[in-house]
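Trainee: Once you've had a glance at the structure underneath, I'll fire off some questions.
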Amino acid sequence: MSRISLRKKANKASVFRSRTLVCVVEKPKLVNNLMGIVRTAETLGVGKLYLIDDDRLKLPKDWQKMREDPKLLNLSSSGIKWLFVKRFSSTAECLQHLAKNKFTNVGTSPHPLGKKNVPLSKGKYTQPYLAVWFGNETRGLSQEALESCDFCIQIPMYGIIESMNLSSSASIVLNYIVEKRHTFSRRKLSKKE
């Protein structure tokens, strides 16, 4: 694809990108899972991806450098080139940034956490600024992140295994939320006409 036609395609896609929807990934163990989420988030038009990383993944600190990394480009099917990624060194730093920008935090967890748990199909995802949190492949979200979330989403599961791959669960959740937000926006626009 020529550079000009790629730029045209990027400009066309930017109309659908939701700058008010952020995907947050807290301390993932595997770069493959993270880049799978980057790819999904980019294809769905998620605004940004925030990464909380204690340098375990050995990623470049700067998104511009990530965009040029052949391994990351390959693993994300070039999604890293088109989706803005901001790194935070701690959960507290990310939460502070989101609070300053008036984001509502929604977590994901396969474990019952009391009245804060909501099946995916029952949650409200039309907040003006929404951050959807995904946790580490082994431990899930930290207590600090969970306590900051308005509620936690659960994907209904009917098999024996109680959890999904991080990238797979992010795909399911983000697809559902993006669709709900687009439907809500279309309804609001049609009421104005």
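None of the figures in this text is laboratory data; all of them are computed from the coordinates on show. Bear in mind the structure is a predicted one, so any value in this text is a computation, not a measurement. Every residue, glycine among them, receives a Cβ derived from its backbone with ideal geometry; neighbour counts consider all protein chains shown.
Trainee: How long are the three semi-axes of the equivalent ellipsoid of the chain, in whole Å, if each is the root of 5 times an eigenvalue of the C-alpha gyration tensor, listed from largest down?
Mentor: Equivalent-ellipsoid dimensions as semi-axes: 25, 22, 16 Å.
Trainee: Could you tell me the relative contact order of the chain? Use alpha-carbon pairs under 8 Å, at least six residues apart, and round to a whole percent. List each step's numbers first, then the result.
Mentor: Values: 285 pairs, mean separation 46.7, N = 193.
It rounds to 24 percent for the chain.
Trainee: Over what distance in Å are the Cα centres of the stretch 72-121 and the stretch 128-193 separated?
Mentor: Distance between centres, Cα-based: 9 Å.
Trainee: If you bin every alpha carbon distance in the stretch 82-193 into 5 Å steps from zero, what whole percent lands in each bin?
Mentor: Calculated over all Cα pairs of the stretch 82-193, the distribution is 2, 10, 20, 23, 21, 13, 7, 3, 1, 0 percent.
Trainee: Less than 10 Å Cβ to Cβ from Ser89, Lys/Arg counted +1 and Asp/Glu -1: what total charge do the surrounding residues give?
Mentor: On the way: positive: Lys61, Arg87; negative: Asp53, Asp54, Asp55, Glu93.
Net local charge, Ser89 excluded: -2.
Trainee: Within the chain, which whole H helices from DSSP have a Cα span along their axis of at least 18 Å and a mean Kyte-Doolittle hydropathy of 0.0 or more, if any?
Mentor: Helix filter hits for the chain: 31-44.
Trainee: Next question, about the same structure. Tell me the mean residue ellipticity at 222 nm calculated for the chain from its helices only (DSSP H runs of n ≥ 4, each -39500 (n - 2.57), averaged over every residue, nearest 500). Intermediate results must be reported in sequence, preceding the final value.
Mentor: Details: 8 runs with 85 residues, N = 193.
The helix-only estimate for the chain comes to -13000 deg cm²/dmol at 222 nm.
Trainee: Under a crude label model (7 Å from the Cα following the beta-carbon direction), how far is Met157 from His182 in nanometres?
Mentor: 2.7
Trainee: Okay, moving on. For the stretch 51-68, take each phi angle, set θ = phi - 60°, evaluate the Karplus expression 6.51 cos²θ - 1.76 cosθ + 1.60, and give the result in whole Hz per residue in order, putting x for glycine and proline.
Mentor: 10, 9, 9, 8, 6, 5, 7, 6, 8, x, 5, 9, 4, 4, 6, 4, 4, 9
Trainee: Report the FRET efficiency, 1/(1 + (r/R0)^6), for Ser121 and Glu147, where r is their Cβ-Cβ distance and R0 is 30 Å, rounded to 0.05.
Mentor: 0.75
Trainee: Which of Lys102/Lys122; Lys27/Lys124; Lys65/Lys116; Lys81/Lys122; Lys58/Lys180 have a Cα-Cα distance over 30 Å?
Mentor: Correct reply: Lys65/Lys116; Lys81/Lys122; Lys58/Lys180.
Trainee: Could you list which residues have their amide H under 5 Å from that of Tyr129, counting only those 5 or more apart in sequence or on another chain, with H placed in the peptide plane?
Mentor: The answer is Thr104.
Trainee: Rounded, prolate or oblate: which fits the stretch 132-183, taking a ≥ b ≥ c as square roots of the Cα gyration tensor eigenvalues, rounded meaning a/c under 1.5, else prolate when a/b beats b/c? The partial results should precede the final answer.
Mentor: Working: a/c = 1.88, a/b = 1.11, b/c = 1.69.
Judged from the Cα gyration tensor, the stretch 132-183 comes out oblate (a/c at least 1.5, b/c at or above a/b).
Trainee: Further question: What Kirkwood Rh does the stretch 88-148 have if only Cα atoms enter the pairwise 1/r average? Answer in Å.
Mentor: 12.5
Trainee: A further question on this structure: What FRET efficiency do you get for Arg19 and Ser77 if R0 is 25 Å and r is their Cβ-Cβ distance, rounded to the nearest 0.05?
Mentor: 0.65
Trainee: Going highest first, how would you order 26-34, 166-174 by mean Cβ packing within 10 Å?
Mentor: Peptide ranking by packing, descending: 166-174, 26-34.
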